[in-house]
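J.: The following block contains the structure, expressed as structure tokens.
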Amino acid sequence: MADGESSKANLPLPPPFLEVTCRSSGKKTRYAAGTKSSFAVNLINRKLDLGSPLALHIEAVKEGEEPVNFGPDAVLVDYGTGWKLQTVTEVDYAGVTKGEGIPAQIESSGGTHPTKRVSKPGISSLYIAKILLAFILMFMLGAILTIALENLPRLILFINSSM
């Protein structure tokens, strides 16, 4: 029985914290075991310099293995030797052509409901043309309504005289 207890005492204990490497800044941040992924991503994004790509989520990577992605409500865990926790940034999705941007989960200031944010491309000439067309149509509709209201008394007199 004493041998069983001594073998348990010799096992190396995992550290009481987890290190996450930010790929944007290269800095390592430490989090307590049991920290939610969304909290860690929020803190990492707050510490980034202006212009640095934001972290979207955290993943565990190991050479020769498929990465393990942590969702916003997942608890950060250490998978053992060789596994490293790192952020996935907007730049990692630069080649993706599925949509206008990649939605990023960012913790709201209240900390209770995550909000989605979409990275936006620059303003295109098509966007400006659509706005100009909308203004032209608004002014044309206004002009038509103005002419109709100016001629309304004549129309009423015409209808009354024909009856």
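The values are calculated or read from the model by the stated rules, or taken from the named source; none is laboratory data. What you see is a predicted model; the values in this text were computed from it and never measured. Note: ideal-geometry Cβ built from the backbone for every residue, glycine included; neighbour counts use all protein chains shown. The accessibility values were calculated without ligands, DNA or RNA, using every heavy atom of the protein model including side chains. Shrake-Rupley method; radii C 1.70, N 1.55, O 1.52, S 1.80 Å.
J.: If you take the residues in the stretch 68-85 that are assigned to a strand (DSSP E or B) and open to solvent by 40 Å² or more (accessible area, probe 1.4 Å), which one is nearest to G34 (Cα to Cα)?
T.: Ranking the qualifying residues of the stretch 68-85, first place goes to V75.
J.: So which residues in the stretch 54-67 are in a loop (DSSP other than H, G, I, E, B) and on the phi < 0 side of the Ramachandran plot?
T.: Residues satisfying the conditions are L54, K62, E63, E65, E66, P67.
J.: So which residues in the stretch 14-53 are assigned to a loop (DSSP other than H, G, I, E, B), under 21 Å from the mean Cα position of the chain (by Cα) and in contact (Cβ under 8 Å) with a residue 60 or more places away in the chain, if there are any at all?
T.: C22, R23, S24
J.: Further question on the same structure: Which residue out of E65, E59, E90 is surrounded by fewer than 16 Cβ atoms within 10 Å (Cβ to Cβ) and either farther than 14 Å from L18 by Cβ or not small (G, A, S) (or both)?
T.: E65
J.: Going by what's in this entry, would N160 be described as at pLDDT 90 or above, among the polar types (S, T, N, Q) and surrounded by 10 or more Cβ atoms within 10 Å (Cβ to Cβ)?
T.: no
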